[in-house]
Amino acid sequence: MSFQFDQELDCSGLACPMPILKTKKAVDALQTGQVLKMVATDPGAVPDVQAWTSKTGQELLGHEQDGPKFTFYIKKIK
Amino acid sequence: MSKRLAIISTHGSLDAAYPPLILATAAVAMDMEAAIFFTFYGLEIIKKGNADKLQVSPIANPAMPQPIPGISVPNIIGVLPGMTAVATNMMNGWMKKANVAKLSELLNMAQELDVRMIACQMSMDVMGIKKEELIDSVEVAGAAAFLEYASDDAIALSF
C-alpha cells in the first residue's frame, strides 16, 4: 500500500506519546488536503494513530507494517 | 464529549511524574485542553532544572522489577543507603532502553503545547518553595482555580 504524500515524518525509536505529539505538529503545518507519511517503530502507535485521527477528525488513509516499521498516511481534512 | 482534562499531580517520584505529563500533552495533541495542578511533592516536577533529577524508591514498592531477573531481593534491602540511587539508575536505564522521552522533554512539550500548569500556593507555603524556583510558564493559584477549570465538564484524574 502506498499513497502520494506531501510531507514525511520519521518517529522511529520514539515511545508514547512522542509519535502522536510530533504527528500533531506535522499535520498542523500541512495545508488542508495534503498528506503526511509518518513512520514509527512503537507498536502502540497503531491504535494511537487510529484514536488520534478519529478524535481530531483527520483521515487515516491507510497504514502498513514492514518488519519493525509502521507507516501511516494521514490526510489533513481540517 | 469532554474536551478538557484536569489532572492533579501529588507525587514527586520519577515514575509518578510521567503519567500527568504524558496524558496532558497527548490530550492537547487530540484537540483537548489540559491543566495539571501540582501540589505537595508534585511541585518537584516543575522546579527549574529538577525534572530529570527525580528519583524512585524501592522501599514499599514491591512491584518494581528485580535488578537481576530470577533472583529475588527482599524489599527490606531498599532501606540500605544508596538503594534509592540504585533503583533510580535502574529505572532511568529501562526508560532509555524503551526510548521513553526524558521528563524534561515532556515538560518542554507541555509548555510548547500550552498545557496549563498550576502550582498550589498552599503547598508552596508549606514547603517553602518560591515562584522563582519554578519553571516560568507556571501560574500559582489555589483549589478554587483548579476546580473552576475542572467544573467545566472536564475529565479529572489524580496521580
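The values are calculated or read from the model by the stated rules, or taken from the named source; none is laboratory data. Quantities reported herein were computed from a predicted structural model and do not represent experimental measurements. Counting neighbours? That spans all protein chains shown, and the Cβs are built from the backbone with ideal geometry, glycine included.
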Quick one: how many residues across region A:1-13 are more than 13 Å from the chain's Cα centre (by Cα) and either closer than 18 Å to A:GLN34 by Cβ or of a type in the set (A, V, I, L, M, F, W, C) (or both)?
-> 3
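Okay, residues lined up against (1) of a type outside the set (S, T, N, Q); (2) modelled with pLDDT under 95:
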site: B:ILE36; (1), (2): yes, no
site: B:ILE46; (1), (2): yes, no
site: B:MET64; (1), (2): yes, yes
site: B:SER72; (1), (2): no, yes
Does B:ALA27 count as buried (at least 17 other Cβ atoms within 10 Å of the Cβ), within 14 Å of another protein chain (Cβ to nearest Cβ) and over 18 Å from B:GLY12 (Cβ atoms)?
-> yes
Over region A:50-78, the set of residues basic (Lys, Arg) and either in contact with a Leu (Cβ under 9 Å, 6 or more places away or on another chain) or under 16 Å from A:LYS25 (Cα atoms) (or both) is A:LYS55, A:LYS75, A:LYS76, A:LYS78
Check A:ALA26 against each of (1) crowded, with 18+ Cβ neighbours inside 10 Å; (2) free of Cβ contacts under 8 Å to residues at least 40 places away in the same chain; (3) within 9 Å of chain B (Cβ to nearest Cβ); (4) in a helix (DSSP H, G or I) and name the one condition it does not meet.
-> (3)
Among the polar types (S, T, N, Q), within 14 Å of chain B (Cβ to nearest Cβ) and surrounded by 17 or more Cβ atoms within 10 Å (Cβ to Cβ): does that describe A:GLN58?
-> yes
Checking B:ASP125, B:ASP152, B:ASP52, B:ASP114 in turn, the sole residue that is over 24 Å from B:THR25 (Cβ atoms) and of a type in the set (D, E, K, R) turns out to be B:ASP125
Do the conditions hold for B:ASP114, that is, is it loosely packed, with under 15 Cβ neighbours inside 10 Å and modelled with pLDDT of 95 or more?
-> yes
Taking region B:128-142 on its own, how many of its residues are touching a residue at least 60 places away in the same chain (Cβ under 8 Å) and either of a type in the set (A, V, I, L, M, F, W, C) or under 18 Å from B:MET30 (Cβ atoms) (or both)?
-> 4
Tabulated pairs, region B:84-103, first within 14 Å of another protein chain (Cβ to nearest Cβ), second small (Gly, Ala, Ser), C-beta under 8 angstrom, 6+ apart or interchain | B:ALA98/A:ALA15; B:ASN99/A:GLY13; B:ASN99/A:ALA15; B:VAL100/A:ALA15; B:ALA101/A:ALA15; B:LYS102/B:ALA51; B:LEU103/B:ALA17; B:LEU103/B:ALA51
Within region A:11-23, work out how many residues are at the interface with another protein chain (Cβ under 8 Å from one of its Cβ atoms) and either in contact with a Gly (Cβ under 9 Å, 6 or more places away or on another chain) or closer than 24 Å to B:GLU33 by Cα (or both).
-> 8
